[in-house]
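Below: the structure, in structure tokens.
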Amino acid sequence: MSTQEQGVFISFEGIDGAGKSSHIDALAEQFRRDGRRVTVTREPGGTPLAEQLRELVLRQPMDSLTEAMLVFAARRDHVVRVIVPGLRRGDVVISDRFTDSSFAYQGGGQGLSAAVLQQLEHWVQHDAAAGDGELLQPDLTLWFDLPPSQAAQRLAQARSPDRFEARGEDFFGRVRDAYAARARAAPARFVRIDAAAAREDVWQAVSTAVRARGWMA
Ligand code: TYD
């Protein structure tokens, strides 16, 4: 099978305010111009059930284990109904956040143990990946890294915050550290994007990372 026919799974990660959204749209557009079918989706969310769970997670106070179980329940529905079918069709599946967000926010930010998160990850992502016995993971994760102070400034100008966005810089510092640890643990999958750079430079870094994998002309 040529690479053109194989599904590709790309996730975008980073703290709130890092500016992923416009680059997700631009990347999807670029792939479509290249003749690829693209599924753009997000977490928590991406299915009707998962979008309902998203509303709960973003609005209702709850403890970190409840939160983790809800985001992984949403992820299960998303994986089974959207991500795996998309990859099997040969789509480029671009997700605004995936499991690294849980390790960063529920793990780093809230202090939930990595062992619990790994267990949930195993249950949710293990048997979903085409039956080859591997854990379903993105082929590429673009981590938009931004100092929390800059992210806070951007968010303050934007809109009314959800539960996560309302947290302080300390919280986002821990989230960022957890992303850095995930990136160190999976260097072949992660590409760090300097999200403080000018918008054109950020786009350049995104498209270079994707071209380097041979997925785009
Ligand atoms: P996001 O999609 O960035 O929402 P928006 O752009 O509308 O603010 O993310 C939603 C929030 O959910 C974000 O603050 C991170 C959080 N989140 C978790 O805490 N754990 C997870 O596993 C995921 C996927 C997201």
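The values are calculated or read from the model by the stated rules, or taken from the named source; none is laboratory data. What you are looking at is a predicted structure, and each value in this text was computed from that prediction instead of being measured. Here Cβ is always computed from backbone atoms with ideal geometry, including for glycine, and neighbour counts include all displayed protein chains. All accessible areas refer to the heavy atoms of the entire protein, side chains included, with ligands and DNA or RNA removed. Shrake-Rupley method; radii C 1.70, N 1.55, O 1.52, S 1.80 Å.
The figures follow:
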{"quantity": "Potential lengthening between H126 and A180 on full extension [0.36 nm per residue; Cα-Cα distance subtracted]", "calculated": "17.0 nm"}
{"quantity": "Heavy atoms of M69 accessible to a 1.4 Å probe, total area in Å² rounded to 10", "calculated": "100"}
{"quantity": "Amide H contacts of F9 (H built 1.01 Å from N, under 5 Å, at least 5 apart or other chain)", "calculated": "V93, D139, L140"}
{"quantity": "Amide H contacts of V40 (H built 1.01 Å from N, under 5 Å, at least 5 apart or other chain)", "calculated": "I94"}
{"quantity": "Alpha-carbon Debye profile of the chain, log10 I(q)/I(0) at 0.15, 0.16 Å⁻¹", "calculated": "-0.99, -1.14"}
{"quantity": "Share of alpha-carbon pairs per 5 Å distance bin for segment 2-68, given as whole %", "calculated": "3, 12, 18, 20, 19, 12, 8, 5, 2, 0"}
{"quantity": "Theoretical FRET efficiency, 1/(1+(r/R0)^6), r = Cβ-Cβ of A212 and A26, R0 25 Å, to 0.05", "calculated": "0.90"}
{"quantity": "Exposure ranking of E169, E121, E200 by accessible area [1.4 Å probe, largest first]", "calculated": "E200, E169, E121"}
{"quantity": "Accessible-area order (highest first, 1.4 angstrom probe) of the listed residues R59, R189", "calculated": "R59, R189"}
{"quantity": "Unit Cα scatterers, Debye sum, segment 89-176: log10 I(q)/I(0) for q = 0.10, 0.13 Å⁻¹", "calculated": "-0.34, -0.56"}
{"quantity": "Solvent-accessible surface ranking, highest first, for T99, T66 at 1.4 angstrom", "calculated": "T66, T99"}
{"quantity": "Per residue Cα convex hull volume in Å³ - calculated over segment 165-217", "calculated": "97"}
{"quantity": "14 Å reach of a label modelled at S160, 7 Å along Cα-to-Cβ, counting backbone N of segment 48-71", "calculated": "59-60"}
{"quantity": "Whole-number accessible area per residue in Å² for segment 3-211, which is evaluated in the context of all protein chains at 1.4 Å", "calculated": "46"}
{"quantity": "Residues R33 and A114, FRET efficiency given R0 of 45 Å [Cβ-Cβ distance, rounded to 0.05]", "calculated": "0.65"}
{"quantity": "Long-range amide H partners of F144 with built H, under 5 Å", "calculated": "E13, G14, I193"}
{"quantity": "Radius ratio Rg over Rh of segment 23-141, counting only Cα atoms, Kirkwood formula for Rh", "calculated": "0.98"}
{"quantity": "Protection-proxy order for peptides 37-49, 8-20, each taking the mean of Cβ atoms within 10 Å per residue, highest first", "calculated": "8-20, 37-49"}
